[in-house]
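Novice: This structure is in structure tokens; I'll ask about it shortly.
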There are 2 protein chains.
Amino acid sequence: MTRITADVSFLRGYNQALVMAVGRRVGTFERSTVVDATGLTPQAVSKVIARLTADGLIRSAGVRRPTVGKPAVVYELIPESRYAIGAHVARRTLRLVLVDLAGTVHHSAVSPLAADFTPEHLLHALKAGIDAITGGNDLRGRLTGVGLGMIGPLDHEHGLVRDAHGLRHWHDVPLREVAESYLGLPVHLDKDVTAGITAEAWRHGGAFGDAALIMVESGIGGGFWLGGAAHRGAHTNAGEFGHTVVDLDGPLCVCRRHGCLEIVHNRAAEAGDISRAARVLAVGVVNLLQTLDLAHVVLAGADLLRHGDTYLAAVERAVHADGRRGDWLATDVSLSSLGADAIAAGAAMQVLDEHYGIPDLAPL
Amino acid sequence: MTRITADVSFLRGYNQALVMAVGRRVGTFERSTVVDATGLTPQAVSKVIARLTADGLIRSAGVRRPTVGKPAVVYELIPESRYAIGAHVARRTLRLVLVDLAGTVHHSAVSPLAADFTPEHLLHALKAGIDAITGGNDLRGRLTGVGLGMIGPLDHEHGLVRDAHGLRHWHDVPLREVAESYLGLPVHLDKDVTAGITAEAWRHGGAFGDAALIMVESGIGGGFWLGGAAHRGAHTNAGEFGHTVVDLDGPLCVCRRHGCLEIVHNRAAEAGDISRAARVLAVGVVNLLQTLDLAHVVLAGADLLRHGDTYLAAVERAVHADGRRGDWLATDVSLSSLGADAIAAGAAMQVLDEHYGIPDLAPL
DNA sequence: AGAATTTAGCAACAGCGTTGCGTAATATGG
DNA sequence: CCATATTACGCAACGCTGTTGCTAAATTCT
């Protein structure tokens, strides 16, 4: 949630979100934990904790007995106090997950989508899937909304699918609005890769440095987390990482340029040379590091995870070996901790993040 | 200036900075201008204006007579109320500028630096240059500080020069601290390219979308403005844009990879084929757009500006022609509006930005 | 001259984090 | 067993923010 002006209600939301982030990150915490992590005064933390307790978002979980003195009350997030549903809308499948406030995935289900499915098809499938998930659980008042992670291009700000790659029937569809009225729940629409990186950041609960999620799944894309927030770019079109040229005289790509990372990678992969494909991707990842100086690189996507170890090894090798990188330039590389659920789970967490994440102040 | 927790003093600084940004952007403004731009209530704007007037940062400049009703008081920034000095520390030259609160460059001077100059040499040159600039003007109490824009790698957070490329005597030099005590002024240390993009953003006074500054000057680097703030990366090492591979089988670069943008570009330039060099750079710029989706691309650097029109044409052509970019994907390309002063002026504006810019809330 | 319109600001207010200080709960030492 | 030191916690007063309600001022139009 972004806004321009700052008033006292912003203070409240912001500092509450700080405490929630601490809770998400450490499991259990006490007043002094929050004081140390945030710099708030103890009294201020007490007030915030009182509000969060009243809202049913955190609860006390016993006491800690120090060596001397009055025991400290230990608190914890109540994971089951809020949920969100996340959807990963791919070209042929719809994956739905139920995620709780702590970022834990409770249900995960995949259903097929017809080739060239229409917006109506998608809405029906969403409705059916959500009913199936929520039917067994009583989530009255605790379901925050639905997040959709989808192929671009789209317009995040207006909730509009502009022209999804490889899908007919998807030109300038106001999907957020339509889905909200059809499902009766708040809907958040974003690119799949952006949802994916949000999952990693949300679960870390703040203190997550600049990061990228690299996704290989019938195409290569990147999602970015920069300066404590998702980076979507000026037109929600950031992340077309597969269409960066790495071979000036390479083969012609569908994007009309020569030697894009995606086509060079795919040629190698189609020839069965996964090792070379991974090395090509690794060149692209190091390019990203040189440009953006990231603290984390997360690898994801069905096509990549099928050979996860090969890709991970190639990228780690390139990151640590190339480019005279001193030991002060640490970057950790990992496979997505959520595996195939990463995108859908991230979409759900974006909804939670809107309500319980650290609010942004929109640039003027 | 970054901080973690938000209190009422943050509100004050933040909303004051919003008003200052409006003033910097539009020249003259009145209360309703700010109300429309920020969403603050008229009464809140009045209070902010009263504080800024008391601080001597803005003044009234007559009235505007509407068609009917009481005339509105017109305000304007007082450019001469605050100044900052900016320095562009290059391998062989030191450029110093004096910049006012509105971002106007008042003095500009270049002095040579000895090959392999030491930190002491630089401090002496800085001191002498600053004295020369401030000697003629009485800036008592109005000089905010000194900004240094410099070659990396360096550590912005700690004000440390790690290992400046191509300079001996510059390993782990705590330049900010040393310069502050030697000059008796607050010092801000940052990479040259980051300073450069800050200049563009500051002069626009907020409402400046995601942008990059591409600098070609004995090397190729990039400075980034993302989400309303400079992007420095996890270790202040973002912007090594010249060392992204664009030709997998290209010549070996000093960074030990093959076919970096910088070496491919430089080979063409050294062969006298500026047109090809520009086209190579343009490929890199489009790579950036695909990755980050920028609203502005600014071209700068002595080597580039020497053939500014050629580069501008090549980049514009590539940006608008390549990659099926629909008309909704607008990106404007321009040469640096400050020319050779861009880096030094930007370094000065970073100092002003720390005091009068929109404050950041540091990620937890 | 009087009505309508627009701008400006005073005064009271709610809500935020902060500060000062008193109180509760525990371990330790005599 | 009891006094003391130590740690945790919260009430109450405070300063400050932007907001709200209302009044006053300055101008044009009728």
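The values are calculated or read from the model by the stated rules, or taken from the named source; none is laboratory data. What you see is a predicted model; the values in this text were computed from it and never measured. Cβ atoms come from the backbone with ideal geometry, glycine included; neighbour counts cover every protein chain shown.
Novice: Filter region B:103-122 for residues that are among the polar types (S, T, N, Q) and surrounded by 16 or more Cβ atoms within 10 Å (Cβ to Cβ) and give the result.
Specialist: Residue satisfying the conditions is B:S108 alone.
Novice: Would you mind telling me which numbered condition in (1) farther than 30 Å from B:D163 by Cβ; (2) out of contact with any strand residue (DSSP E or B) (no Cβ under 9 Å at 6 or more places or on another chain); (3) away from DNA strand C (no atom under 13 Å from the Cβ) B:R91 fails?
Specialist: Here B:R91 clears every test but (1).
Novice: Considering only region B:161-227, give the strands (runs of 3 or more DSSP E) lying wholly within it that have at least 2 residues that are surrounded by 24 or more Cβ atoms within 10 Å (Cβ to Cβ).
Specialist: Output list reads B:187-191, B:211-216, B:220-226.
Novice: Being in a strand (DSSP E or B) and either more than 7 Å from chain A (Cβ to nearest Cβ) or under 25 Å from A:R232 (Cβ atoms) (or both) is true for just one of B:A238, B:A230. Which residue is that? Before you say what the answer is, go through the steps one by one.
Specialist: Working: B:A238 fails: in a strand (DSSP E or B).
On inspection, the qualifying residue turns out to be B:A230.
Novice: Filter region A:1-49 down to the residues that are buried (at least 18 other Cβ atoms within 10 Å of the Cβ), within 8 Å of DNA strand C (Cβ to nearest atom) and within 13 Å of A:D360 (Cα to Cα) and list them by number.
Specialist: Answer for region A:1-49, where residues must be buried (at least 18 other Cβ atoms within 10 Å of the Cβ), within 8 Å of DNA strand C (Cβ to nearest atom) and within 13 Å of A:D360 (Cα to Cα): A:Y14, A:N15.
Novice: Could I ask something else about it? Do we have any residue at all in region B:110-126 that's more than 14 Å from chain A (Cβ to nearest Cβ), more than 16 Å from DNA strand D (Cβ to nearest atom), aromatic (F, W, Y) and closer than 26 Å to B:E177 by Cβ? Working first, answer last.
Specialist: Kept after step one, since they are more than 14 Å from chain A (Cβ to nearest Cβ), are these residues of region B:110-126: B:110-126.
Now narrow it down to the ones that are more than 16 Å from DNA strand D (Cβ to nearest atom): B:110-126.
Still in the list and also aromatic (F, W, Y): B:117.
Next, only the ones that are closer than 26 Å to B:E177 by Cβ stay: B:117.
So far as region B:110-126 goes, yes, one or more of its residues are more than 14 Å from chain A (Cβ to nearest Cβ), more than 16 Å from DNA strand D (Cβ to nearest atom), aromatic (F, W, Y) and closer than 26 Å to B:E177 by Cβ.
Novice: Only one residue in A:T28, A:T38, A:T53, A:T67 is touching a helix residue (DSSP H, G or I) at 6+ places or on another chain (Cβ under 6 Å), outside the structural domain of A:H156 (by TED's automatic domain parsing) and hydroxyl-bearing (S, T, Y). Which one?
Specialist: A:T38
Novice: Can you name every one of the strands (runs of 3 or more DSSP E) wholly within region A:1-101 that holds 2 or more residues which are more than 14 Å from every other protein chain (Cβ to nearest Cβ) and either within 11 Å of DNA strand D (Cβ to nearest atom) or under 30 Å from A:K191 (Cα atoms) (or both)?
Specialist: A:58-64, A:72-77, A:83-89, A:93-100
Novice: Could you tell me whether any residue of region B:329-345 is of a type outside the set (K, R) and without any contact (Cβ under 8 Å) to a residue 24 or more places away in the chain?
Specialist: For region B:329-345, residues of a type outside the set (K, R) and without any contact (Cβ under 8 Å) to a residue 24 or more places away in the chain: absent.
Novice: Considering only residues that are more than 19 Å from A:L98 (Cα to Cα), away from DNA strand C (no atom under 11 Å from the Cβ) and hydrophobic (A, V, I, L, M, F, W, C), which ones fall in region A:53-84?
Specialist: The answer is A:A54, A:I58, A:A61, A:V74.
Novice: If we scan region A:16-32, do we find a residue that is over 24 Å from A:P79 (Cβ atoms) and more than 24 Å from the chain's Cα centre (by Cα)?
Specialist: Within region A:16-32, not a single residue is over 24 Å from A:P79 (Cβ atoms) and more than 24 Å from the chain's Cα centre (by Cα).
Novice: Could you tell me whether any residue of region A:289-296 is crowded, with 24+ Cβ neighbours inside 10 Å and of a type in the set (G, A, S)?
Specialist: So far as region A:289-296 goes, no, none of its residues is crowded, with 24+ Cβ neighbours inside 10 Å and of a type in the set (G, A, S).
Novice: Say we look at region B:50-63 and pick out the residues that are surrounded by 14 or more Cβ atoms within 10 Å (Cβ to Cβ) and without any contact (Cβ under 8 Å) to a residue 40 or more places away in the chain; which of these is farthest from B:T104 (Cα to Cα)? Lay out the reasoning, then the answer.
Specialist: Filtering region B:50-63 for residues surrounded by 14 or more Cβ atoms within 10 Å (Cβ to Cβ) gives B:51-53, B:57-58, B:61.
Checking which are without any contact (Cβ under 8 Å) to a residue 40 or more places away in the chain leaves us with B:51-53, B:58, B:61.
Numbers: B:R51: 24, B:L52: 20, B:T53: 21, B:I58: 16, B:A61: 19 Å.
Filtering first and then ranking leaves B:R51.
Novice: Can you find, within region A:190-217, the residue that is nearest to the other protein chains (Cβ to nearest Cβ) among those that are in contact with a His (Cβ under 9 Å, 6 or more places away or on another chain) and under 15 Å from A:R91 (Cβ atoms)?
Specialist: A:K191
Novice: Could I ask something else about it? Would you pick out the residues in region A:85-102 that are surrounded by fewer than 22 Cβ atoms within 10 Å (Cβ to Cβ) and closer than 22 Å to A:G206 by Cα?
Specialist: Within region A:85-102, A:D100, A:A102 qualify.
Novice: Can you tell me which residue is modelled with the highest pLDDT among those in region A:218-227 that are more than 7 Å from every other protein chain (Cβ to nearest Cβ) and on the phi > 0 side of the Ramachandran plot?
Specialist: The residue in question is A:G219.
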